C-alpha cells in the first residue's frame, strides 16, 4: 500500500513540476523532524535526522542521495500480579523500541516559489531492542531477573512531504513515512512491525 501511494505521488509531482518553471533546487540539505509513529504494538513519539545532496535536473526538479537516522519510538510497560498470601507476587517492567539508519534517494519538485513536494525512499537497517526486569516475591525469598535482546534486520522505507519555503534556504514540511522493521520471535516466527509516521520537519539548504 505504501509503495503504491509513493508511486502515485511521484507521478503527480512530476506532472506538476513539468508545468512550472522556478529557480534551481540543487545543493546540500539537512532535515530534522518529529512525529507520531504507530504500529501493531502501540503509538509513540518519534524523531528523525536526514542529510544529503540533490543535483538540479531542471529549473524546478532536483534528485539526489540522502542518509538518515530514525527513532521510531519505544513502549514501556509495567505489570504487577498479586496472587494473595502465601502465593507469589510478581512485578515486570519492559522497554521495547526500534531505531534505524538509512540510505536512499531524495527528490524535490518546486510547484511554485513557495510550495514544493519531496519524496524519498531506500534501504534501512533496523535495530529492535527489548529489555526489562522481573521481580518475584514470596514470604520466604525474592528472585530478580534482567534481560536484553537486540535484533537487526534490513528493509525499505519510503516517504512523502509537502513543503513551504520560509526563505530560499529554510523550508517546513508536513511528512508521511512508512517503515517495515521485522524480527524473529522466540518461537522462530517473523514479526513485522510495519510502522507509519505522520509528522513535521524543518529543512535547511546550503
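Every read-out reported here was derived from the displayed coordinates using simple, explicitly stated rules and does not represent laboratory data. Keep in mind the model is a prediction, meaning the values are calculated, not measured.
Here are the numbers for this structure:
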{"read-out": "Segment residue 141-residue 56, length gained on full extension (0.36 nm per residue, minus Cα span)", "value": "23.7 nm"}
{"read-out": "Cα centroid separation - the stretch 94-148 against the stretch 53-70, whole Å", "value": "25"}
